[in-house]
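Structure record follows, encoded as structure tokens.
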Amino acid sequence: MTLTLTNVSQQDVTAVSADSKHLLDVDSLTPEQIHKLRERASEFRQLRASRPFKSDSLRGGSIYTLFFENSTRTRVSFEHAGKALGADVINIAASTSSVSKGESLLNTVLTLDAMGIDALIVRHPHSGSPHFIARHVDAVVINAGDGAHGHPTQALLDVLTLQDHLGNLQGAKLALVGDILYSRVARSDIIAFRKMGVEISIAGPPTLLPQDWAPGENSLGVPDTEVTVHESVEDAIRDADAIMCLRLQLERQTSGLLPDVNEYSRVWGINAQRLALAKPGAPVMHPGPMNEGLEISTDIAHGSLSLVENQVENGVAMRMAVLEHYCGPTREIL
Amino acid sequence: MSQQSRPVVIRNGRVIDPSQGVDTFGDVVLVDGVVHGIESLGATQLPDGWSEFDASGMIVAPGFIDLHTHLRTPGQEWKEDPKTASDAAVHGGFTTICAMPNTYPAQDNASVVGELMLRCASESAVRVRPIGAITKERKGDELAPMHELADAGVVGFSDDGDPVMSPHLMRQALNYSTDLDLPIINHAEDRGLVAEWDMNEGVVASHLGLRGIPNSAESMMIARDIELARITIGRLHIPHVSTGESVELIRRAKSESIKVTAEVTPHHLALTERWVYGENGNVPDVLTENAYDTLAKMAPPLRTEKDRQAVIEALVDGTIDAIGTDHAPHAATDKVCTFTEAANGIIGLETALSLACGIAGIDISLAIERLTCGPRTILGDDSIGTLKPGAKADVAIIDLQGDWVVESSTLGSKSHNTPLLGKSVLSRVAATFVGGVKVWDATGDGAKDA
């Protein structure tokens with residue numbers, strides 16, 4: 001095909017095969033695939049309840065976690081999930097690798113790939129780094145969080161957590177509150193929950209929302225990203241079936257995007273008074289780590305409506321389902 | 001270039017020379033390194049010792065002039081050197097290129113400029129016109145010796161790659177430009193608004209989680225510079241205009257007779273921010289590993305379709321005077337990395353015509369005007385960019401419908417950073433003459449000795 005005016009700069013969205021070897025983001029998964037991963041994760045969660053649980057479905061497989069950012073729950077839960085399935089899991093922190101000698105990301109991943117690994121679980125501060133790595137390695141690439149872009153396993157465990165709580169996601173209303181602009185959790189959650197038929201209401205400081213968004217209907221320009229932006233957190237929460245409270249990244253204040261963290265808490269923080277606007281019994285989720293007393297009040301964070309610990313527990317189970325699907329011989333389960 | 005050439009007749013082409021309002025079928029005769037004239041020789045037997053080029057079905061135009069080439073010499077010769085830049089230029093029909101001064105060391109004094117010109121004289125087949133730095137070491141702190149640079153032959157001043165952030169310094173530079181009658185070319189990007197960014201601010205950046213820079217970072221700086229040109233009566237040239245708001249400001253300034261000229265890159269005419277998706281400008285419903293295409297990263301960034309239409313309209317109505325390539329060679333390692341790490345810029349000399357005409361659909365007569373007349377007027381050099389008798393015998397021969405594949409193996413540039421790499425495009429330059437000497441011939445059998 002020769003590139004000419006007729007086949008360049010079209011305004012249409014083109015379909016690309018969703019059957020991806022890698023998990024770069026949740027956009028590559030169909031709703032049916034998300035359902036199956038969720039069901040499989042539920043099974044793993046039950047199996048894990050009868051400890052000790054150990055499977056050998058990934059025996060002999062080698063899984064590397066390569067983290068260029070600090071992490072507790074994501075890295076540990078991937079390690080836990082891989083080991084529970086019998087894989088050899090090797091953790092590499094960029095700070096203790098040759099990256100600290102100036103080795104490029106490309107050469108780092110090529111070096112690991114040459115060791116014959118099955119999967120590379122990557123966290124990196126730059127959006128799109130898993131896509132870049134996937135272009136160059138044979139291993140399966142699993143995105144464990146890339147910059148402000150995506151965090152697919154977080155979105156999948158959030159779907160699992162909320163579906164378990166609500167029983168049905170179709171037509172449910174989720175309020176997504178806080179820093180959307182710099183949040184990879186927000187982007188992946190929007191896509192995953194929209195695929196599940198969830199209506200999404202958004203509120204946050206105007207400095208932390210995409211600059212092309214305004215109150216009303218918005219999207220990320222592709223299917224499954226439609227959201228409603230509200231002018232106040234109260235409007236977003238009103239009659240919601242659930243609330244996802246996003247982490248306030250405190251460095252945003254030093255960069256001038258927030259006048260004051262106390263003001264943030266006053267205007268956008270999730271507290272009992274605001275939660276009362278939601279439907280009775282509506283749960284609160286948070287991807288962690290939490291700034292308690294800031295974006296979420298302590299009584300809510302640890303109260304009966306908090307699903308934060310469920311999210312963490314589901315994190316291990318969902319990552320088992322993900323690793324089994326993307327790395328295991330039972331890929332056909334989906 | 002100095003070698004004595006045999007007379008040449010370029011036969012049977014459609015000759016388009018906007019400098020004379022010529023669009024006719026004829027034969028272009030080049031003798032002793034200058035244009036002899038445009039004639040109708042028919043089947044006349046050529047004298048012994050003459051050579052001919054059969055341009056049947058092709059367009060014969062004055063050699064193109066690029067106001068905006070990053071030569072990378074001295075200091076970054078692994079990206080480009082005068083020989084490879086020259087190869088890239090002739091592949092694209094360019095016979096004169098203006099070398100941007102963001103070299104190491106910068107082109108901020110006569111000896112650095114003189115050294116570069118010496119190298120170009122022996123290594124480059126095309127004419128190289130140096131642009132001097134506005135400020136010492138391009139740091140934006142104090143003016144470079146502009147008179148000294150002018151005496152050394154610079155054709156304008158720029159800190160391109162970096163803006164002159166200080167309005168005070170910019171004002172003084174424009175003051176000097178009135179004495180020197182040379183343009184001040186300010187990279188219009190207000191770093192006070194956004195210091196670090198990846199791509200255009202908008203829906204694609206929001207989707208990809210990349211840091212955006214809004215149109216206003218460009219138009220705010222252009223608005224400032226226009227006001228400074230107004231009070232200094234200085235000569236302002238605005239490089240790589242990328243937004244609709246910028247176009248409006250320039251249009252108004254021209255209507256008020258402020259001395260402002262402007263250029264647009266071929267890629268801003270042809271491509272949009274959607275090329276960052278890595279799917280030929282389409283929006284994929286699922287991001288693949290092609291996404292975050294670093295070959296679509298440049299400063300200013302690719303903008304929206306609305307902006308693209310605005311710069312095309314401005315090129316058509318004359319608000320934008322010239323097409324400047326912003327040829328920005330980078331080594332593979334500068335682009336084979338994350339999007340955020342990647343260097344800004346793409347090569348542009350070899351793909352200019354294909355982007356402007358093949359993809360953007362710019363009328364060929366207009367494209368030639370903006371690649372020859374526009375730049376020559378800004379440079380104030382009557383000897384180039386024209387086929388008038390006595391002008392330099394610099395000629396580009398164009399196969400408008402000819403398709404070619406942009407391949408690493410055939411690119412003249414030392415660097416291959418273009419989003420068109422591996423793709424088939426329309427509009428190729430079939431041959432190029434500089435000073436009457438054929439320096440590029442893609443036709444294989446195009447040259448015949450009489």
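Is it true that some residue in segment B:23-30 is modelled with pLDDT of 95 or more and closer than 13 Å to B:G435 by Cβ? Among the residues of segment B:23-30, at least one is modelled with pLDDT of 95 or more and closer than 13 Å to B:G435 by Cβ, which makes the answer yes. Among residues of segment B:277-302 being of a type in the set (S, T, Y) and within 9 Å of chain A (Cβ to nearest Cβ), the one that is surrounded by the most Cβ atoms within 10 Å (Cβ to Cβ) is B:Y292. Determine if segment B:251-264 includes at least one residue that is crowded, with 22+ Cβ neighbours inside 10 Å and over 25 Å from B:I347 (Cα atoms). For segment B:251-264, residues crowded, with 22+ Cβ neighbours inside 10 Å and over 25 Å from B:I347 (Cα atoms): present.
Scanning segment B:240-276 for residues that are away from every other protein chain (no Cβ under 14 Å) and among the hydrophobic types (A, V, I, L, M, F, W, C) turns up B:V241, B:V247, B:L249, B:I250, B:A253, B:I258, B:V260, B:A262, B:V264. State whether one or more residues within segment B:216-224 are outside any loop (DSSP other than H, G, I, E, B) and within 14 Å of chain A (Cβ to nearest Cβ). Yes: one or more hits. Being aliphatic (A, V, I, L, M), part of a loop (DSSP other than H, G, I, E, B) and within 14 Å of chain B (Cβ to nearest Cβ) is a description that applies to A:I180. Looking at A:G82, A:G86, A:G116, just one residue is more than 13 Å from chain B (Cβ to nearest Cβ) and surrounded by fewer than 15 Cβ atoms within 10 Å (Cβ to Cβ), and that residue is A:G116.
Of the residues making up segment A:127-181, those that are basic (K, R) and within 20 Å of A:L248 (Cα to Cα) number 0. The set of residues in segment A:133-174 being in a loop (DSSP other than H, G, I, E, B), small (G, A, S) and over 14 Å from the mean Cα position of the chain (by Cα) consists of A:A139, A:G167, A:G171, A:A172. The single condition among (1) in contact (Cβ under 8 Å) with a residue 60 or more places away in the chain; (2) away from chain A (no Cβ under 14 Å) that B:L366 does not satisfy is (1).
All of A:L174, A:L156 fail the test of being crowded, with 24+ Cβ neighbours inside 10 Å and in contact with a strand residue (DSSP E or B) (Cβ under 6 Å, 6 or more places away or on another chain), apart from A:L174. Of the residues making up segment A:206-257, those that are among the aliphatic types (A, V, I, L, M), under 12 Å from A:D179 (Cα atoms) and in contact with a His (Cβ under 8 Å, 6 or more places away or on another chain) are A:M244, A:L246.
Each row is one residue, and each column tells you yes or no for (1) at pLDDT below 95; (2) of a type in the set (A, V, I, L, M).
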| position | (1), (2) |
| --- | --- |
| A:T228 | no, no |
| A:L246 | no, yes |
| A:E263 | yes, no |
| A:P289 | yes, no |
| A:T330 | yes, no |
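Only one of the numbered conditions (1) of a type in the set (D, E, K, R); (2) in contact (Cβ under 8 Å) with a residue 60 or more places away in the chain; (3) outside any loop (DSSP other than H, G, I, E, B) is violated by B:K388, and that is (3). Do any residues in segment B:411-422 that are within 14 Å of chain A (Cβ to nearest Cβ) have Cβ atoms under 8 Å from those of residues that are of a type in the set (V, I, T) and surrounded by fewer than 24 Cβ atoms within 10 Å (Cβ to Cβ), where the two are at least six apart or on different chains, and which pairs are they? Here the result reads B:T418/B:V406; B:L420/B:V406; B:L421/B:V406; B:G422/B:V405; B:G422/B:V406, each pair linking segment B:411-422 to a residue that is of a type in the set (V, I, T) and surrounded by fewer than 24 Cβ atoms within 10 Å (Cβ to Cβ). Of all residues in segment B:333-358, those satisfying the criterion of being closer than 23 Å to B:R211 by Cα and within 14 Å of chain A (Cβ to nearest Cβ) are B:T333, B:D334, B:K335, B:V336, B:C337, B:T338, B:F339, B:T340, B:E341, B:A342, B:A343. Of B:T69, B:T73, B:T84, B:T96, all but one fail to be β-branched (V, I, T) and surrounded by fewer than 24 Cβ atoms within 10 Å (Cβ to Cβ); the exception is B:T84.
A count restricted to segment B:331-364 and to residues that are more than 24 Å from B:T261 (Cα to Cα), crowded, with 24+ Cβ neighbours inside 10 Å and out of contact with any Leu (no Cβ under 9 Å at 6 or more places or on another chain) stands at 0.
Given (1) surrounded by fewer than 23 Cβ atoms within 10 Å (Cβ to Cβ); (2) touching a Leu at 6+ places or on another chain (Cβ under 7 Å); (3) within 14 Å of another protein chain (Cβ to nearest Cβ), where does A:S265 come up short, assuming only one miss? Looking at each condition in turn, A:S265 falls short on (3).
Taking the criterion of being touching a residue at least 24 places away in the same chain (Cβ under 8 Å), surrounded by 24 or more Cβ atoms within 10 Å (Cβ to Cβ), within 14 Å of the chain's Cα centre (by Cα) and away from chain B (no Cβ under 14 Å), would at least one residue in segment A:122-132 satisfy it? Scanning segment A:122-132 turns up no residue that is touching a residue at least 24 places away in the same chain (Cβ under 8 Å), surrounded by 24 or more Cβ atoms within 10 Å (Cβ to Cβ), within 14 Å of the chain's Cα centre (by Cα) and away from chain B (no Cβ under 14 Å).
The values are calculated or read from the model by the stated rules, or taken from the named source; none is laboratory data. Being a predicted model, the structure only gives us computed values, none of them experimental. Glycine gets a Cβ as well: all are built from the backbone with ideal geometry, and neighbour counts include every protein chain shown.
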